[in-house]
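The structure appears right after this line, and notes come after that.
The values are calculated or read from the model by the stated rules, or taken from the named source; none is laboratory data. Just so it is clear, the structure is predicted and the values come from calculations on it, not from any experiment. Note that each Cβ is placed from the backbone with ideal geometry, even for glycine, and that neighbours are counted across all protein chains shown.
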Amino acid sequence: MNIKVLICFLFFSFGCKSVFAQTRETDSTTTIYYDIHELSKKSKFNKFIYKLLFRSSALKVENLIPEVKPVAEQHITNKTNGRVIRNITIETLDPFGYSVKNETKQPKNSIEKFGNHTHIKTKNATIKNLLLFKKNTLCDSILLKESERLIRSQRYVREVVIIPLEIPNSKDSVDIKIRVLDSWTLIPTGSLSSTESSAKLTERNILGFGHLISGNIKNRFDTKERAAYAQYSINNIKNSYVRLDLNYANDYNNDSRRSININRPFYSVITKNAGGFYYENRLQTEQFPLLDSFSLQQFSFDFQEYWYGRAFKINSKTNPERYYTNLILALTYNQKNFQRLLDEVIDPSRYFSNEKNWIGMIGVSKQKFYQDKYVFNYNITEDIPYGKNIALIIGHQEKNSNTRMYTGFSVSYGKKYSFGYASGFAEWGSFYDAGFTEQTTFKLGLNYFSPLINIGDWRFRQFIKPTYTWGNNRDESFKDRLTFLEEDGLQGFDKRLNGTQKWTLSFQTQSYIPGNWYGFRFSPYINTTFGSLANEKALFSGKVYSKFSIGALINNDFLVFNSFQISFSYYPTIPFEGDNINKINSFENTNLSLYDFQLSKPGYIRYE
């Protein structure tokens, strides 16, 4: 008998005198292990000690503990294709204590029951509104899978299963069963830094209808200014996948923004028609360089945009890739009208002036998804996009009493490999005036994350994201320059630090630790980000800026938000601020987001 067995034998004997009264007539060591295992079930403390010191795998080898094999998930197959959908039943579940796969699971403690009591479940009509199939139509496994993905993509849904049920004694009909597990959707968030604070409250599923309302208040400490933001969204109007967004902002410097967006994207590979309308009124303050100082100038403008797109299947009906590959034709018209033009001394190139744009696109898009876990969320099924697209963009612009043409080209590719997931894109675009290229943009980007690495109960992934942007013959305005953005992973850099080309490189080692605290799961990470800005000189001769961070992504099994992160960062230098700077950052994790491989509204290649 080894020392571990002896210690626990004495401990458990002290805790329960009769534990070994019913020993088996088997090997003594195995008997002791078995009895200790049985005693571990008596209380949580016993179970904790047992897990701390023992593994039950040895007993499973001896067939003393029946091994519970995981139940295979029910997958949507082609078996019921072509059958008539007789009935569709939808069951939505409160977020606490329920499971979409285990129908017998029920809330156990008072906290779960209280949370469910205060939660308003998603309406069955809201889920039905997202389905790509209807009653009395033919069953199609692709439409079932796409519907499941679209439901899962809603921020108020945690998990969903769609199960086709065969009807006894019927070979031409099928029933569809849908079970949806809600998320808790009333989300307070905020952030605090040395310069400002922010408090935000969001409800993503008003009364179970899937509507969103959000309010955010920010306070700047040095100037004692306050900013307020509000949003209301309807993400799917009458099963049309038309989305309505209303936004209001009263920002610092008395700036303001009001906008309305009615938009129907290519939400799925089966979408034939897409389009939208956008209107924005903005009052904006900019800091214009003037000799050796800066001048604050306020201006306002109205912006409106209309677009339409059409998708065509290009493969034969017998080709299994027919559903996923589309030829996309789309056209955008937009115009920006300034209420008054800035003084020529402030804006000599008339960058801030009225303009009209016609932008057309023709392209081929192939988009698919695979399911994975432990990527951006903890142990929740996530749909990871992969595929490829290629597009040609042709535009016409009227600005400053001048007209010029535009051409652009973009290509992207992504795939899951044995060594991990990798995707990349390349984009190029340029205006032409009198045979010369103007405001040329070239962009490259890669995104990689490794397969899941298991070390004991801990899981790890490695993320790598390099990007490069180059501009040539850009407008002389300071606004037509590159700066470090939040998406680059280098937050807090002054916009006065800019250039015409930029590269960034981010490494993030992400862990997913076992266990939770009231549903909250903390996933520690280490992030290192480098970046550089340069003008006409060689890019790598510019100063390299860096950030070193340790922190944690925070997920919750029941809440609706994506991962957000709290980090402690060290900056060797930040121009206009100083050297050896430490910062506490609190913000959503967006700089590792993935490309979706779906072509949509035509636009000029963004220079950012």
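Selection of first residues in the stretch 533-553 that are assigned by TED's automatic domain parsing to the domain that holds ASP475 and modelled with pLDDT of 85 or more and of second residues that are surrounded by 14 or more Cβ atoms within 10 Å (Cβ to Cβ) and among the basic types (Lys, Arg), restricted to Cβ pairs under 8 Å at least 6 apart or on distinct chains, gives the following pairs, ordered by first then second residue: LEU533/LYS502; ALA534/LYS502.
Consider the stretch 324-349 and keep the residues that are closer than 22 Å to SER410 by Cα and aromatic (Phe, Trp, Tyr). The one that is surrounded by the most Cβ atoms within 10 Å (Cβ to Cβ) is TYR324. Residues satisfying the criterion are absent from the stretch 88-111 (criterion: under 23 Å from LYS368 (Cβ atoms) and at pLDDT below 95).
Taken together, GLU286, GLU305 contain a single residue that is in a strand (DSSP E or B), surrounded by 15 or more Cβ atoms within 10 Å (Cβ to Cβ), modelled with pLDDT of 95 or more and not assigned by TED's automatic domain parsing to the domain that holds LYS479, which is GLU305. No other residue among LYS177, LYS200 is among the charged types (D, E, K, R), free of Cβ contacts under 8 Å to residues at least 60 places away in the same chain and in a strand (DSSP E or B) apart from LYS200. Quick one: is PHE294 modelled with pLDDT of 95 or more, exposed (fewer than 15 other Cβ atoms within 10 Å of the Cβ) and part of a strand (DSSP E or B)? Criteria not met by PHE294. I'd like to verify a number: residues in the stretch 405-439 that are among the polar types (S, T, N, Q) and not in a strand (DSSP E or B), how many? Qualifying residue count, the stretch 405-439: 1.
Scanning the stretch 101-125 for residues that are crowded, with 16+ Cβ neighbours inside 10 Å and either more than 24 Å from ILE270 (Cβ to Cβ) or in contact with a helix residue (DSSP H, G or I) (Cβ under 6 Å, 6 or more places away or on another chain) (or both) returns PRO107, GLU112, GLY115, ASN116, HIS119, LYS121, THR122, LYS123. Out of ASN357, ASN253, one residue alone is of a type in the set (S, T, N, Q), more than 22 Å from TYR386 (Cβ to Cβ), assigned by TED's automatic domain parsing to the domain that holds PHE409 and surrounded by 14 or more Cβ atoms within 10 Å (Cβ to Cβ). It is ASN357.
Within the stretch 190-209, being surrounded by 16 or more Cβ atoms within 10 Å (Cβ to Cβ) and among the hydroxyl-bearing types (Ser, Thr, Tyr) holds for SER191, SER198, THR202.
For the stretch 514-532, a residue qualifies if it is at pLDDT 90 or above and under 22 Å from the mean Cα position of the chain (by Cα), and the qualifying residues are PRO524, TYR525, ILE526, ASN527, THR528, THR529.
Those strands (runs of 3 or more DSSP E) of the stretch 440-513 in which 3 or more residues are within 26 Å of TYR604 (Cα to Cα), free of Cβ contacts under 8 Å to residues at least 60 places away in the same chain and over 18 Å from the mean Cα position of the chain (by Cα) occupy 458-472, 501-512.
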